[in-house]
Structure formats: structure tokens, C-alpha cells
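Trainee: The structure is given below, and queries will be raised subsequently.
The values are calculated or read from the model by the stated rules, or taken from the named source; none is laboratory data. Not measured: the values here are computed from a predicted model. No Cβ is skipped: glycine too gets one built from the backbone with ideal geometry, and neighbour counts run over all protein chains shown. Surface areas here come from the heavy atoms of the whole protein model, side chains and all, with no ligands, DNA or RNA. Shrake-Rupley method; radii C 1.70, N 1.55, O 1.52, S 1.80 Å.
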2 protein chains.
Amino acid sequence: MTGGRRTRILILGGGFGGLYTAMALERLLKRDSSAEIALVNKENYLVFQPMLPEIISGSIGILDTITPIRRLCPNTNLYTRTIESIDLKRRRIRAAGSFGSQQSDLGYDHLVIALGNVTSMASQPGLCEYALPFKNLGDALTLRNHIIHVLEEADIERDADVRRTLLTFVVAGGGFSGVEAVAELNDFVRAGATGFRNINPAEIRVVLLHAGPLILPELPEGLARFAQRLLAKRGVEIRLDTRLRGATAGAALLEGGEHIGTRTLVTTVPSAPNPLVAALPCRMERGRIVVDEYLAVPEYPGVWAVGDCAWALDGTSGQPCPPTAQHAVRQARRVAENIVATLRNQPRRAFAFQALGKMGSLGHHAAVAEIFGLKLSGFLAWWLWRTIYLMKLPGLDRKIRVATDWALDLILPPDIVQLRTEKSPGIRREHFEPGEIIFRAGDRGDWLYIVTDGEVELVQHEGGEAGAPPARLGPGQVFGELALVRDQARVATARSSTSVDVIAVGRESFQTVLANFPPLRGLFEELIMMRSAPAGERLIASAESNRGGDPR
Amino acid sequence: MTGGRRTRILILGGGFGGLYTAMALERLLKRDSSAEIALVNKENYLVFQPMLPEIISGSIGILDTITPIRRLCPNTNLYTRTIESIDLKRRRIRAAGSFGSQQSDLGYDHLVIALGNVTSMASQPGLCEYALPFKNLGDALTLRNHIIHVLEEADIERDADVRRTLLTFVVAGGGFSGVEAVAELNDFVRAGATGFRNINPAEIRVVLLHAGPLILPELPEGLARFAQRLLAKRGVEIRLDTRLRGATAGAALLEGGEHIGTRTLVTTVPSAPNPLVAALPCRMERGRIVVDEYLAVPEYPGVWAVGDCAWALDGTSGQPCPPTAQHAVRQARRVAENIVATLRNQPRRAFAFQALGKMGSLGHHAAVAEIFGLKLSGFLAWWLWRTIYLMKLPGLDRKIRVATDWALDLILPPDIVQLRTEKSPGIRREHFEPGEIIFRAGDRGDWLYIVTDGEVELVQHEGGEAGAPPARLGPGQVFGELALVRDQARVATARSSTSVDVIAVGRESFQTVLANFPPLRGLFEELIMMRSAPAGERLIASAESNRGGDPR
């Protein structure tokens, strides 16, 4: 563009849309040194989504479904960073810092937005806190470890109710990703459980929740019915016309009031626009950026969008493109051509593509597929599924590794090794439904709680029924501090009198800060002193202790 | 023992010592239902330590060096829990809770302590905070991800000094584990770096620190010299007679005052007794439990100890057994025999075993070995190394998987995928040497700091040199709060005037609590108000704000 400087093409996002744009640009600009390509992505690899469910069961090695971006685009500058903001007016994006606190500011002449969408769980109570998302590699690994963890616990648990809760697995969402996830989860749990000496296979319950009357609404009815029958035969309980309302630590809450006791709730349903995309000053349609037939954002010349975050109309049918990898890859190639055409003052071309087909794996040698109008199910569809995805998996080394994994998987038993690298978080949010016990008198206290919403009742059991009246706490008030400050067992039982949200601060984090920051210790000692005063005084003191607060 | 109840044999620890004890007991008690075996371990798998270094380079799949304990001991009750305390007098151990807060109390008739030792870094400043240990699977994965992360950053870093620091890798300790780790790290970094377009291989520096005059002191001098030459040829800089004194975020500190700028410091040196073992009321020798010739703890009948945590004398030589897997496995078999002999009132047998040999891999098709007095080096030793360890790897499925990995590794390029599942911690400790900048005015503030040791200087730059005199903060005082409470850039520069230890609280954790717990907000608003008062007032206020504190 300007004089001797090289044109900077910046791609945001390393999913199918972003990565294939970079690959196509590298090909088109091979002997052209007037432009440089950069890509910003949180990870340095592409997750091959269709194979993600197989990570759960370990039938594919953890690193084998993902391809390093650098290997696919050797001539692109990769910034492995989180994007903090996009400024279309000043043509800059800001990426988070890494070592130290410096951010990177990146300018561009052409910007390709390929940020996909995210799993948002903020709309239903308790989902953020307890539901496991299933979208990226980290999610798949976390889920795998979690499943092994509950099996471990179930193996040594003697209380039948607790064991039943541990052995119940709930997946919400009967679309492709929900069905593939529940199929692999079911296979893995049932095969893995045979390695545990005290788990009775009959106690395992795997439930799929689906809001509609038939799972896999993307497929023709016959195939969907086939999938339903097959999953049911393998032990998956399918609950149709059923919606998830929320979650607590020990249950999935359904609309209509039913609770399913479980420690494993996977949700694949709520897909929300990426917050970075939602904040853009462009025209949006259902949370996606409206682009013209060339995939350009009309209001901002030089800005383009592809993939799940773009609202693009197919040139042939005039219909909006569905959010699939097939479409993202074709859009990526077209946007790369159009950017190069713009640089060379050549005419741009409109986007048009019809999906080739749809496939879904049902685990354990079965799948359903509709390809070029042809309907397939069972083993043949599964064979086709594997062959097509193996062909599509980018990189020869990956193809070899996955093919080897699949071969070994036919002869070797599943892995039940639990990989833990995470440290326990110091601060977490929790949600309780009305009437739940948060902790009991006599328990060891591991958390301090701050109420953010609802009302909590603290009941002291000082022998006999004539104890002190319960203290009631509202937003901005703290409880459970005594056990952590004084390092003793809980002296009261805490119960939610309404639906309650709290922030829980872990023992170790809290004590580290408390021991080293005297004013905080002072604050809590004061609080404890006031609470141990007689009941009448206590209520006043408790309100006072929340200086500037809003104790309801 | 007592009437009709089954004898409870409880094993603590799932390393070679504990696991092989369980396996031997299962074999010896095959048709005997009068005893039951239980094992408590933090993980549900055995890490095959000799292959751990290969995890770094990814030449072995992550899950392939580890064997699920349940598969090796199908008739043992496995408790995947952290042990909290051992009570030898009341014959009970307490394990941490999992879901909920209940702990498990386990009683025993026979107790086998096989808790190994731990990496302790508390003795040198900054090691806890910045050095990476290399002992278990999580460590290997963390190190692998960290190496890829610094390569990512080096690839986009323009400041030559910062890049040099990122591309310097330091391993402390020239024993077997240090040498094997540095060999694999060196191979991986140099092969992996070729995938990054902006990294100049000549800038990569891999340093091995060793306290003695020759690495691998366990081996004959000739083999050790061979290893030194080979590592040097491959680009490892070996610093002999050099001790690590400590670390900061950006440097390894050597005794004598030298600093090596690095973001990657791996330490394999300080091996300390497991705190659970150290707390036992038994006779100890160099932190290990003294056992008699039958591997029993004399003071407590029914209590036994094996492996690295036991101080056992070899029956033939009278020498203490070295802490190796070979010895742990032989001790495990003998202790199992002796427990069964005790149950059946048969005579017990003394322990005696001479090591068969020693081997160390040097990465990339080379190793050194001394077996039955024979000395081997180079390719032949490496071949032997692989063959022997493949034979020793427990479980046929693992053998097949590792053999396949090794075969693929010969033809495929190394992986540079960075797997992140951890969330960033909300609270961490940091260490600064005198005169380091903690943050600069104008930086974005991501952390709040509490001084735990030393003195920090806060300098305000209000244009010109005649700014306010620096504020000096000591233990128990907080700084950096303004940027987090008011969400603005740093207004002052913080520098360590002495050696300083701080606790850093992350922006997100802090703000979550601040927004929901009004008294804390009050506390900090007060603090900020006092600090923004004129200098004279400020010093008094600052001291006051630490009610009950000890501001030096």
C-alpha cells in the first residue's frame, strides 16, 4: 500500500477459517515479497474438531489430533497470544503480554477475522461453575480426567446415593457434537469401569438431554432414528424434549423441576458469539458479522470475515452458510484470493459453495452419514467417516500417527490413566439451589465464602434444640471465616435459604494472604469478634462490619 | 489377626516400592482370603521414571510411560488420594477428601511405607517460585509446555537481550536425572527451533550446572568423561564446580555472584525426605526411616518401609542401599514375603541385593552403561538401555505402545504442540534480588503485591527529577493496589532495595473478591487515600494502615 513498506495481512484466529486463509495466502503469494502474513491465536496448533471426542476415550493419542500451525504455514508469523481488543478505526489489534506485562500492538492493512464462536454458559444458573464445556483440546482432556476421577471415587465410595451420583453422566445437546461426545463417553466409561474392582456396571447411567423431539436435527429423520436406536442399545438414556435449566455441584436441573444427581454434566449447547466479535462496531446478524458476497466487511475496507463468526450468504442458494468446517475452509480460500486480487487490482470473485455431506460418529464402529444425498449408517458409514477425516487431517505425520493409534486401539485395552497438571484454583464461584447444605458443623473448613446473590442461613448447634436463632446473610457478607482464621472445624451449618451464588476462597490462598497482610487479619478478627457477641448485638455488628456494603 | 476379621495390609505410595509390594502380595496371597490389600497414592498410575526425559521431546506418547496401577494389581483396593497424616500409635492414616470435604480414615494391621522422597527447593531463594522440578509426569509435561512457550515468545521478540534470555536453558545437577534431562532438552530445543522462522539456532544456549569436578559421579570416570565430551559436542555447555545459589524470574544465580539470564531453570538436585516421613516418630538416618534386616521398623511392630524412604542395609555388603528402582523392587518382594511369613507364623528372611548395573541415556542414540562390571558407551549402550527398559516397563500394552512410539520417532519430526490445561494461578510467590524493577510507572497492572521479606522502594515520576522522595515498604505492607482497585496504569515504579520476597495476587482474583466483599474495598480505599496524602502524613498513615502489623 504505502510506498516501500510491505503490505501487512493480519489473521485473527487459528481454527479452520484462519489457518486455511494463511495457507492459501502463502500459496498465492509464494514469490511475492511485497506482503507479509501474520496470524494471532491463543494456541500454537489447530484442533481437528471432528476427532476431539476420541480424545475422551484415548483411542487417539492426545497430541495426534492437533497440528502445529507453524508446520502448516512456515512463512506466516505466528503470535501465540490472547487477543484483548480490536480497533477497526485505528487499524490495530492489541494482544495480551506474556513474560512481563507488555502487550503487543499489531497494525494491519488487511484484517481477516476468523474468531469462531465460544461456549457461553452465563445464561443458566450454575452452568459456569459446574458444567464442562466440550469445544477445544483442553476441554476434552479435562473431561477425560474428570471421568477417571469420578470412577476412582466411585470405586471406594460406600454410600450408595453418593456412588449413584458419581456414576451418572449427563450430556446436554443432541446435535452432532453432543451425540459424538455422549457416544465416546459411554464407550469409555463402560470399558474403563471394568478396570475398577468395586464398580458394578449396572450402576452406570449415561444420559443425553435434547430439547427437540429427535436427536441430530441436521440429518434426515431415518438416520437420526437409527442413531437413537443404536445409542439406546449401547446404554445411553435419551431424554427428548428436555431442557437443562441449570446445575449445582451434585445435580443437573431440568426445566419442569426434575433433578438428575450427577457429578459430570457436559454441555455442548449454548454457542455464543466471541466477545471480541460482539464488541465490533459492524453490522451483525444473529451475533455474526455481516459480510458481502466477496466476504468483505462493507463498512471497513480491508477488513474481511470468514467461518463461524461471519454471516455470509451462499452465492448459489442465497442461504446463509452453516457454521461448519467445510464452509470455513472454502471461505478461507476465497478470501485469500480476494485479498490478493485487491492487492493486484484484479477483480474479486463472489463466494459460492454447497455442502458435500454430513457425518456423525456414534463410537465403537458405527456412524451415520449423508453424502451427496446418499444416506449411510452403521459400520460402512463409520469406515467412511474415518477414511474421509483421515484424508482431511492436515499433515502427513498426523495421518501416520492417527492411523497407528487406530490400529493399536483395535488390539489394546483403553487407558485409565488420570493426567493432572492443574493446580487447584484459589478462588472459584459456586451456586446452590434453595435448601442445600453448604457445609455442616463439624466439617473441616477448606473454603471461605462471600455471598454475591441470595440468602444463606447459619445455624449453630449448641446441644439441644434451643440453640441461637439462625443468622441470615446476604450479598457482600462473608461466612465460613472462623474455620480458616482459627484453623478449627466448622461450628455452624450453612444452608441456602434461596437460590444462592457465592465466591469461595480456598484455604491455602486465604491463609497465605492472611498471614502476611496484617490489616486483613485485623478485619477478620473484628468480624469474628462481632459474630461471637450475643445474638442481638451480632445482627447490628454484622451489618456494620459490611462498611459501605449492601446487606440487603 | 483378631478373630474373623480380615487382616488389613495398607501400602502408602505407588512408586516402584509400593506398587511391587502390592503385586508380590497379590501373588503370595492368591488363594488366601484372610487378608486384604489396599494402596494409597496421589495418582492412579506408576510413572516409569527412566523414560520420563523422553516425555520432554515427545518421542514417547504422554500416556505411554505410565501404567495404570489397577491394571497391575487388580485385587488391591486403590485409594487415589493425598495422604494427610500417619498415626503409628493409633494405627490409622488419614487421606484428604475429594468431592465434598470428608476425609477418609484408614486403619491397618500391617503398614508398608513406600513414600519415596520429594524435590525440596525451599533452601535457596527464588527456587520455589521459578525453578522447574523434574520428578513426576506433571513436571515433564509442564517443562515441555514451558519450552515450547519460550520458543514461541522468542520467535516474535525483537529485543535481543530478552530473546537471549528466552533462548537460554539451564539445568542444575549433573547426576543421572540431570544429565538425562539436559540431553533430551537439548535435542528437543534444537530440533524444535527449526520449526520457528525467526529463531537463529546459534542463539540457543543449553547449560548444565554441576557442583563436582565431573558429571555422573555414580559412574566410572571413563564413562563420565565420554558423556561430558558427547554432550559438549551436541552443544551443551557444562559448568563444573558450579553451584546454584538461587533464582529470579529472569536469571539463575550462581554461587560467586554470576547471573545467567534465563527463563528456563530446571533443577534436579535437592532431594528431601517426604514431609509425611519426616514427621514420623521413628529413628531416622539422613531423613530415611531406619529398618532392620527384615525391612521392619523396629519400634512399631507391623510397620515396614521400603524404597527411597527406607534406610536399609544390604545383607551381603553391610552398606546402605542406594535410592534406585532396582533396590526398591527387590525390597518390595522381600517385604511382601516377610509380611506373609508373619501372618503364617513362619520365619522371616533378611534382605540382600547387589546392584546389577547403572545406565544413563544421553539422548539421540547414545548412552553410557556399566553392567556386571562391563563398561559401554555410545550407540550400543543406547540400544541396551532401550531394550532393558522396554523389558522392565510393566504391562504388555505399554511395551507395544512404547515400541511403536520409538519406531514412529525414527521417521517423524518432533512435535511442537503446546498443551495447556492449567488456569493461571490467582496467587503466587515471587522473589527479587536487590535492585530489580518489579514494575514500571505506565505499565498495565496485573498483580497486587504483599511484601513478606525485604524492602521495596516506590518512586513516583511526576515529571522532572524533583519528585516526591521514594516510599519504602517492609513486610506486611501492600503495594500495586491502585492499578487494580482503580483499574488504571501503574503510577509509580517499584524496585527492590534489598533481596525481596512478595506474594502476588492476580488481577482477576483480587477484583472478584473486591467487587463482592465491601469491607475489603473499604480497607483498600482507606489505604489509597492515605497514600495519596502529602509525603509526611503518608509515612505515618502507611504504618497505621498496618493495624496490628509489623512494619519492620
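Trainee: In whole angstrom, how far apart do the alpha carbon centroids of segment B:336-365 and segment A:351-376 sit?
Mentor: 57
Trainee: Could you compute the net charge surrounding residue B:249? Neighbours are other residues with a C-beta less than 9 Å from the C-beta of residue B:249; K and R count +1, D and E count -1.
Mentor: Summing Lys and Arg as +1 and Asp and Glu as -1 gives -2.
Trainee: To test your reading of the geometry: what angle, between 0 and 90 degrees and rounded to tens, separates the Cα axis of helix B:535-545 from the longest principal axis of chain B?
Mentor: It works out to around 30 degrees.
Trainee: Give the span of segment B:54-205's Cα atoms along each principal axis, as three whole-Å numbers ordered largest to smallest.
Mentor: 62, 37, 35
Trainee: Here's something else I'd like to know. Average partner chain C-beta neighbours within 10 Å, per residue of A:503-516?
Mentor: Counting Cβ atoms of other protein chains within 10 Å of each residue's Cβ and averaging gives 4.
Trainee: What are the chymotrypsin sites (Phe, Trp or Tyr not before Pro) within segment B:343-380 that DSSP puts in a loop, where the Cβ has at most 11 other Cβ atoms within 10 Å?
Mentor: Passing both the DSSP loop test and the Cβ count: B:372.
Trainee: Something else now. What angle do you read, to the nearest 10 degrees and between 0 and 90, between the alpha-carbon axis of helix B:16-28 and the longest principal axis of chain B?
Mentor: With both axes taken from Cα atoms, the answer is about 30 degrees.
Trainee: Using 5 Å bins from zero, what percent of all Cα-Cα pairs in segment B:309-378 falls into each bin?
Mentor: 3, 14, 18, 18, 15, 12, 8, 5, 3, 2, 0
Trainee: Another question about this same structure. Give me the dipole magnitude in Debye, nearest 20, for chain B about the Cα centre, with unit charges on the beta carbon: positive for Lys and Arg, negative for Asp and Glu.
Mentor: 2180
Trainee: Pull out a ≥ b ≥ c, the square roots of the eigenvalues of the alpha-carbon gyration tensor of segment B:229-387, then state rounded if a/c is under 1.5, prolate if not and a/b is larger than b/c, and oblate in the remaining case.
Mentor: Verdict is oblate for segment B:229-387.
Trainee: What lysines could a cross-link reach from residue B:42, if we take a straight Cα to Cα line under 22 Å and drop same-chain neighbours fewer than 8 places away?
Mentor: The qualifying lysines are A:423, B:135, B:423.
Trainee: For residue B:272, which sequence-distant residues (separation of 5 or more, or a different chain) have an amide H within less than 5 Å of its own amide H, given hydrogens modelled in the peptide plane?
Mentor: B:118, B:119, B:120
Trainee: Compute the acute angle (0 to 90°) between the alpha-carbon long axis of helix A:379-392 and the principal axis of greatest extent of the alpha-carbon atoms of chain A; round to the nearest 10°.
Mentor: Relative to chain A, helix A:379-392 is tipped by roughly 70 degrees.
Trainee: Now a separate question. For segment A:258-301, what class follows from the C-alpha gyration tensor (a ≥ b ≥ c being the square roots of its eigenvalues): rounded when a/c is under 1.5, otherwise prolate if a/b is larger than b/c, else oblate?
Mentor: prolate
Trainee: Work out the mean other chain Cβ neighbour count within 10 Å for the residues of A:172-178 and drop it here as an integer.
Mentor: Averaged over the peptide's residues, the number is 0.
Trainee: To the nearest 500 deg cm²/dmol, what mean residue ellipticity at 222 nm is calculated for chain A from DSSP H runs of n ≥ 4 alone, each contributing -39,500 (n - 2.57), summed and divided by the residues?
Mentor: Taking each H run of at least 4 residues, the total per residue is -10000 deg cm²/dmol.
Trainee: Let's see if you can work this out: charge +1 on each Lys and Arg Cβ, -1 on each Asp and Glu Cβ, no other charges. What is the dipole magnitude of segment B:13-162 about its Cα centre, in debye to the nearest 20?
Mentor: In total the dipole reaches around 1140 debye.
Trainee: Of A:185, A:309, A:136, which is farthest along the charge dipole of chain A in the positive direction, counting Lys and Arg as +1 and Asp and Glu as -1 at C-beta?
Mentor: Farthest towards the positive pole: A:309.
Trainee: How long is the protein assembly as shown along each principal axis, judged by its Cα atoms, biggest number first, in Å?
Mentor: 93, 73, 67
Trainee: Name the trypsin sites (Lys or Arg not before Pro) in segment A:259-313 that are in a loop by DSSP and that have at most 15 other C-beta atoms within 10 Å, would you?
Mentor: Here the sparse-neighbourhood loop sites are A:283, A:286.
Trainee: Ordered by packing density, taken as the mean number of other Cβ atoms within 10 Å over each peptide's residues, highest first, how do B:341-350, B:308-317 rank?
Mentor: B:308-317, B:341-350
Trainee: So what is Rg over Rh here for segment A:109-193, counting just Cα atoms and using Kirkwood for Rh?
Mentor: 1.08
Trainee: Same structure, new question: Starting from the amide H of residue A:7, placed 1.01 Å from N in the peptide plane, find each other amide H under 5 Å away whose residue is 5 or more places distant or on another chain.
Mentor: Answer set, sorted by chain and number: A:35, A:36.
Trainee: In debye to the nearest 20, how big a dipole does segment B:483-531 give about its Cα centre with +1 on each Lys and Arg Cβ and -1 on each Asp and Glu Cβ?
Mentor: Dipole magnitude for segment B:483-531 comes out near 160 debye.
Trainee: Can I ask one more? For the pair residue B:400 and residue A:225, what calculated FRET efficiency results from E = 1/(1 + (r/R0)^6), where r is the Cβ-Cβ distance and R0 = 56 Å, to the nearest 0.05?
Mentor: It comes to 0.90.
Trainee: In addition: Using the Karplus curve 6.51 cos²θ - 1.76 cosθ + 1.60 with θ = phi - 60°, work out ³J(HN,Hα) for each residue of segment A:35-52 in order, rounded to whole Hz, and write x for Gly and Pro.
Mentor: Along segment A:35-52, the couplings run 10, 10, 10, 10, 10, 10, 8, 5, 10, 9, 9, 9, 8, 8, 3, x, 9, 4 Hz.
Trainee: Right, something else. Under the rule of at least 5 residues apart or a separate chain, name every residue whose amide H is placed under 5 Å from the amide H of residue A:195.
Mentor: Counting only residues 5 or more places away or on other chains, the set is empty.
Trainee: Given a 1.4 angstrom probe, what's the average accessible area per residue across the protein assembly as shown, in square angstrom?
Mentor: Counting only protein heavy atoms, the per-residue value for the protein assembly as shown is 41 Å².
Trainee: Now for a separate question. Label chain B by shape, choosing from rounded, prolate and oblate, from the square roots a ≥ b ≥ c of the eigenvalues of the Cα gyration tensor; if a/c is under 1.5 it is rounded, and otherwise prolate applies when a/b is larger than b/c, oblate when it is not.
Mentor: oblate
Trainee: What list of ³J(HN,Hα) values in whole Hz, one per residue of segment B:162-173 in order, does the Karplus curve 6.51 cos²θ - 1.76 cosθ + 1.60 (θ = phi - 60°) give from phi, with Gly and Pro shown as x?
Mentor: Couplings: 4, 4, 4, 4, 5, 8, 9, 10, 10, 10, 9, x Hz.
Trainee: Accessible area lost on pairing B with A, both sides, 1.4 Å probe, Å² to nearest 100?
Mentor: Rounded to the nearest hundred, the buried surface is 7700 Å².
Trainee: In whole Å, how far is the Cα centre of segment B:478-528 from that of segment A:133-153?
Mentor: 35
Trainee: Counting partner chain Cβ atoms within 10 Å of every residue's Cβ in A:452-458, what's the average?
Mentor: 1
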